[in-house]
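As structure tokens, the structure follows; a few thoughts come after it.
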Amino acid sequence: MGAQELDLLRVAVTVAREASSLVESSRSSAITDVDTKSSETDVVTAADKAAERLVRDRLAELRPGEPVLGEEEGESSAGAPAGGVCWVVDPIDGTVNYLYGYPWYAVSVAAQVDGVSVAGAVVEPASGRVWTAARGEGAWLDDRPLRVSGADRLDLSLVSTGFAYRPERRRRQAAAIAGLLGRVRDIRRAGAASLDLCAVAAGWVDAYAEHGLSRWDWAAGALVAEEAGAIVRVPGDGSDGLGAEAIIASAPGVADEFHTALREVGFGVV
Ligand code: IPD
Ligand code: CA
Ligand code: CA
């Protein structure tokens, strides 16, 4: 453990930074070229597509032959062999924020081995901030090591979440979150899952939960949270009553209470 993860992290940071510069410099033209995907509110700009292309081209140079899973172009090949690296890319996480100029959006690049994140970079185009983590090596915001909050009471915890794009699904998600609202300090919905996970790592919120994310949304951010000391539950089999699609990151002092509360409000079945 160590050298390989740090090599992968250097590559992730390099390509995510380059994509971040492209995303920021092309914002004024990119937001005039917008398509929609799963619903009319699920947007994709020219910059999403160009940034993913840049990341794929650069990974092909720096890590030839390794497969890439990206939001805009899907999976580049049959996938990684057992023990091999797969790159997981969200070229702009928080595209709706990007469209409006709300600065909470990021380029997210992770390296996974057998579906487990081992290195990840989340770069914010608007501020230039760089969130990083390598498995077993820690997590950083720029050069500052990250540590989750010391929260130990859910009723005093600041909790963040996010919603899917399809209206019928977000109505169910909102009902579960409404059940949580009276049991926590407050709720935030900032609009970029990768950064919401990084915010747990920094102690800017105490816990985060969302249902129905794709792998590219969480692959880098979940590692940043975990390496900063969060208890992270990634999408899995759902036998814990939290649903196959829930991702949850919490400060250790509130993790059990948060998981229990999420089960009680029906979060796992939205
Ligand atoms: C979205 C954001 C949002 C989350 C959605 C994601 P996108 O990603 O991360 O915060 O609530 O579920 O799809 O579409 O901006 O890449
Ligand atoms: Ca995303
Ligand atoms: Ca995206």
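What do you reckon, is residue 7 farther than 17 Å from residue 218 by Cα, of a type in the set (Asp, Glu) and away from ligand 3 (no atom under 15 Å from the Cβ)?
Details: farther than 17 Å from residue 218 by Cα: yes; of a type in the set (Asp, Glu): yes; away from ligand 3 (no atom under 15 Å from the Cβ): yes.
Yes.
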Considering residues that are in a strand (DSSP E or B), closer than 18 Å to residue 107 by Cα, in contact with a Leu (Cβ under 9 Å, 6 or more places away or on another chain) and not polar (S, T, N, Q), the number found within segment 35-85 is 3
In the set 209, 251, 225, the lone residue that is away from ligand 1 (no atom under 12 Å from the Cβ), aliphatic (A, V, I, L, M), within 14 Å of the chain's Cα centre (by Cα) and crowded, with 21+ Cβ neighbours inside 10 Å is 225
Counting only residues in segment 91-123 that are within 14 Å of ligand 2 (Cβ to nearest atom) and part of a loop (DSSP other than H, G, I, E, B), the one surrounded by the most Cβ atoms within 10 Å (Cβ to Cβ) is identified as 105
Review point. For segment 135-146, does any single residue satisfy the condition of being surrounded by fewer than 22 Cβ atoms within 10 Å (Cβ to Cβ) and touching a Lys or Arg at 6+ places or on another chain (Cβ under 9 Å)?
Key: yes
Scanning segment 177-220 residue by residue, those closer than 21 Å to residue 113 by Cβ, outside any helix (DSSP H, G or I) and among the hydroxyl-bearing types (Ser, Thr, Tyr) turn out to be 214
Across (1) surrounded by 23 or more Cβ atoms within 10 Å (Cβ to Cβ); (2) over 22 Å from residue 131 (Cα atoms), residue 82 clears everything bar (1)
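No value in this document is a laboratory result; all are computed from the given coordinates. From a predicted model like this one, the values you see are computed outputs, not experimental measurements. Methodologically, a virtual Cβ is constructed for each residue, glycine included, from the backbone with ideal geometry; neighbour enumeration extends over all protein chains shown.
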